[in-house]
Amino acid sequence: GAVVSQHPSWVICKSGTSVKIECRSLDFQATTMFWYRQFPKQSLMLMATSNEGSKATYEQGVEKDKFLINHASLTLSTLTVTSAHPEDSSFYICSATTSGSRTEQYFGPGTRLTVT
Amino acid sequence: SQQGEEDPQALSIQEGENATMNCSYKTSINNLQWYRQNSGRGLVHLILIRSNEREKHSGRLRVTLDTSKKSSSLLITASRAADTASYFCATDAITGGYNKLIFGAGTRLAVHP
């Protein structure tokens, strides 16, 4: 149980385009989902927290107009990178929790974004 | 930054040896978790230790927590080549009344056959 999927697993896009990444909880309802960003050989940095049906809470320094997060249902959250640039190339990982607590987070497999 | 520090950054050992990784953090915590990440993959939860616990075991894993020093260690005994991965600690930190998971910098472990 507690499986989280991400789609796509990797994506290549051109500068200036937008790309959407989906995060799904497959066998549980996720009241809260988190989006992380990871650069090569570095740690995960929390970008934002999204609760179903409400606006996402962004971490300091994360541009909310650039990284659009939608948590429209209890099983799906999406991250849209708008007007992507090469510096947005990174590994994006989502996680989900049922309790609203940050303790029991189930992580997705990640999405590798490359912007050319 | 509120991110914790881990050392060593990289560790290379032979199969059968023990691997010890350390993690330090900066704020008060409710609990501390260790995760494993294979290259280019998501995170796998290994073990959680609560702030009132000092040691916890799970199979070949042993985790200690010293809240007075704000540090934790992960010991993998009798390592295997399949243990090769990056290992991260994460704290469920209380920061300004807002809880969030803060990851350490990670240790890249290479276990050679």
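The values are calculated or read from the model by the stated rules, or taken from the named source; none is laboratory data. Remember, it's a predicted structure, so these values are computed and weren't measured experimentally. Note that each Cβ is placed from the backbone with ideal geometry, even for glycine, and that neighbours are counted across all protein chains shown.
Kindly check whether there is at least one residue in segment A:60-80 that is surrounded by 20 or more Cβ atoms within 10 Å (Cβ to Cβ), touching a residue at least 24 places away in the same chain (Cβ under 8 Å) and within 14 Å of chain B (Cβ to nearest Cβ).
So far as segment A:60-80 goes, no, none of its residues is surrounded by 20 or more Cβ atoms within 10 Å (Cβ to Cβ), touching a residue at least 24 places away in the same chain (Cβ under 8 Å) and within 14 Å of chain B (Cβ to nearest Cβ).
Out of B:Thr27, B:Thr67, I need the residue that is touching a residue at least 12 places away in the same chain (Cβ under 8 Å) and within 19 Å of A:Leu44 (Cβ to Cβ). Which one? Walk me through how you get there before you give the answer.
Numbers: B:Thr67 fails: within 19 Å of A:Leu44 (Cβ to Cβ).
When all the criteria are applied, what remains is B:Thr27.
Restricting to segment B:30-46, what's the tally of residues that are in contact (Cβ under 8 Å) with a residue 12 or more places away in the chain and in a strand (DSSP E or B)? Explain how you work it out, then say what you get.
Residues of segment B:30-46 that are in contact (Cβ under 8 Å) with a residue 12 or more places away in the chain, as a first pass: B:30-39, B:43, B:45-46.
Now restrict to residues that are in a strand (DSSP E or B): B:30-37, B:43, B:45-46.
Residues in segment B:30-46 being in contact (Cβ under 8 Å) with a residue 12 or more places away in the chain and in a strand (DSSP E or B): 11 in total.
Within segment A:67-94, count every residue that is farther than 29 Å from B:Asn38 by Cβ and modelled with pLDDT of 95 or more.
The number of residues fulfilling the criteria is 3.
Look through segment A:42-58, keep the residues that are out of contact with any Ser or Thr (no Cβ under 8 Å at 6 or more places or on another chain) and facing chain B (nearest Cβ under 8 Å), and return whichever of them is farthest from B:Gly40 (Cα to Cα).
Per the criteria, the residue is A:Leu46.
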